[in-house]
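The values are calculated or read from the model by the stated rules, or taken from the named source; none is laboratory data. For clarity, every value in this text was computed on a predicted model and none was experimentally measured. Note that we place each Cβ from the backbone using ideal geometry, even for glycine, and neighbour counts take in every protein chain shown. Areas reflect the complete protein model, heavy atoms only, side chains present, ligands, DNA and RNA absent. Shrake-Rupley method; radii C 1.70, N 1.55, O 1.52, S 1.80 Å.
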Amino acid sequence: MIARRLGIAERTVKAHLTGIMGKVGVSSRLEAALFAYAHHELICPVGQCPLGHLPKVQ
């Protein structure tokens, strides 16, 4: 779905995901999603998030 939406090959998406996961020190897409949720304010500052700002993790 990501590849289709971006108009790129699935293999390219997998390569980028692998690189990102290695840099943040996670080993699965679930861990990557949880990392992104927990660090959302650093990744997408308030007012610059195209999907609306997520609530702060307690």
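Observations, loosely collected:
- Members of the range 21-37 that are surrounded by 13 or more Cβ atoms within 10 Å (Cβ to Cβ) and in a helix (DSSP H, G or I): Met21, Glu31, Ala32, Leu34, Phe35, Ala36
- Listed by first and then second residue, the pairs with beta-carbon distance under 9 Å, at least 6 apart or on different chains, first residue in the range 26-47 and of a type in the set (Phe, Trp, Tyr), second open to solvent by less than 100 Å² (accessible area, probe 1.4 Å), are Phe35/Met21; Phe35/Val24; Phe35/Gly25; Phe35/Val26; Tyr37/Leu54; Tyr37/Val57.
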